[in-house]
Structure formats: C-alpha cells, structure tokens
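S.K.: Take a look at this one; I'll ask things after.
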Amino acid sequence: MKIDGGCHCGAITYKAEIDPETVTICHCTDCQTLSGSAFRTVVPARKEVFKLLTGQPKIYMKTAESGNKRVQAFCAECGSPIYSSAVTDPPVFMIRVGTIRQRAELAPKSRIWCRSALGWLNSVTSMKQFAQQPPA
Ligand SMILES: [Zn+2]
Ligand SMILES: [Zn+2]
C-alpha cells in the first residue's frame, strides 16, 4: 500500500510503501518515553520504498540495555517522531504510524513487549468519551 505523511509542522514529509498486515503496537518502555504516550504504533518500510521528500530529521541515538544503538529520527522544529532505524545502511525504516496520512486504515495486527504494557489500557473503551475537547 502506498502511504505518505509528515511531521506536525510540515517541515518533514515522506512517502513509502508498506504492508498493512505488518502494523504493530510496541508497549516497550522506551517507546512510551520517546513517544510521550502509552504505546507506539509502527510499520516497517524497506529502504528502497521509503523516500524523504522534504526536510532533514534530527537524530537521537538510543542505546538499549543490550548495548544496541538505534537511530530515532524526529523533527527538530516540532518534535514529531518520524522513524527509527539501524545506525549504518538501514535495510528498513520503522515509520511512526501517527505521522502517516492514511493511519485510519492501518489497524495494528500485533502487539509486542506486552510485559511492559500499561495496565489501564484494558479499560480505555469504558472511559468517559467526548467527541472533542470537553467544556471547561
Ligand atoms: Zn515538524
Ligand atoms: Zn518499543
């Protein structure tokens, strides 16, 4: 499936081709901190089909407990996370699904690192709901 997307301020845009069957939720604690959210949703794109169209992301080098280093690419202007990848000659870019324009069509198919998933996620569907920001 062809997709396109970009950061919140519009400086960084990209296009790619992905397999919707490979959309994954990651519950690891690094993804919680780096996304500023409860979990992160990602989809891989091979380097041959991932093209940055505008802008140049800033790189944060994450070191895992194992010592493995991984590139975390984000917009230096607005902070939107764009992708992660291996450090040298990455074969695959893990695109952050929240930056993809077609994200509503990309329902995740699996969840990883569930041992660190936040327990309250199980009750999300029973929480009070508002169509927009509730009145103050
Ligand atoms: Zn931006
Ligand atoms: Zn993760």
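S.K.: Looking at the chain as a GNM with Cα springs under 10 Å, which of Pro57, Pro108, Pro91 has the largest mean-square fluctuation?
M.R.: The residue with the greatest mean-square fluctuation here is Pro91.
S.K.: Let me ask you something else. Leaving out ligands and nucleic acids, and using a 1.4 Å probe, what accessible area per residue does the chain come to in Å²?
M.R.: The answer is 64 Å² per residue.
S.K.: Under a point-charge model restricted to the Cβ atoms of Lys and Arg (+1) and Asp and Glu (-1), what is the dipole moment magnitude of the chain relative to its Cα centre, in debye to the nearest 20?
M.R.: 120 debye
S.K.: Right, something else. For Ile82, which sequence-distant residues (separation of 5 or more, or a different chain) have an amide H within less than 5 Å of its own amide H, given hydrogens modelled in the peptide plane?
M.R.: Ala73, Phe74, Cys75
S.K.: Direction-averaged shadow area of the convex hull around the Cα atoms of the stretch 2-117, nm²?
M.R.: Approximately 6.9 nm², given one-decimal rounding.
S.K.: Which of the aspartates and glutamates could a cross-linker bridge to Lys58, judged by Cα under 20 Å and excluding same-chain residues fewer than eight apart?
M.R.: Partners found: Asp4, Asp30, Glu77, Asp89.
S.K.: What FRET efficiency would be calculated for the residue pair Gln133, Ser37, taking the C-beta separation as r and a Förster radius of 25 Å, to the nearest 0.05?
M.R.: E between Gln133 and Ser37, to the nearest 0.05, is 0.90.
S.K.: Right, something else. Can you list which of the trypsin sites (Lys or Arg not before Pro) found in the stretch 60-136 are DSSP loop residues with at most 15 other C-beta atoms within 10 Å?
M.R.: Loop-located and lightly packed - Arg101, Lys109, Lys128.
S.K.: Tell me, what % of the accessible area of the chain is carbon and sulfur with a 1.4 angstrom probe?
M.R.: The computed percentage sits at 54.
S.K.: Related question: In whole Å, what are the extents of the stretch 1-51 along the principal axes defined by its C-alpha atoms, from largest to smallest?
M.R.: Answer, in whole Å and largest first: 30, 29, 15 Å.
S.K.: Report the GluC sites (Glu not before Pro) located in the stretch 54-136 that are in a DSSP loop and have at most 16 other Cβ atoms inside 10 Å of their Cβ, or state none.
M.R.: Here the sparse-neighbourhood loop sites are Glu65, Glu77.
S.K.: Which value at 222 nm does the chain reach when only helices count, each DSSP H run of 4 or more adding -39,500 (n - 2.57), with the total divided by all residues and rounded to the nearest 500 deg cm²/dmol?
M.R.: Helices in the chain give a 222 nm mean residue ellipticity of -1500 deg cm²/dmol.
S.K.: Multiply the residue separation of Ser110 and Met1 by 0.36 nm, subtract the distance between their alpha-carbon atoms, and state the gained length in nm to one decimal.
M.R.: Working it through step by step, the gained length comes to 37.4 nm.
The values are calculated or read from the model by the stated rules, or taken from the named source; none is laboratory data. Not measured: the values here are computed from a predicted model. Please note: Cβ atoms are built from the backbone with ideal geometry, for glycine as well, and neighbour counts cover all protein chains shown. All accessible areas refer to the heavy atoms of the entire protein, side chains included, with ligands and DNA or RNA removed. Shrake-Rupley method; radii C 1.70, N 1.55, O 1.52, S 1.80 Å.
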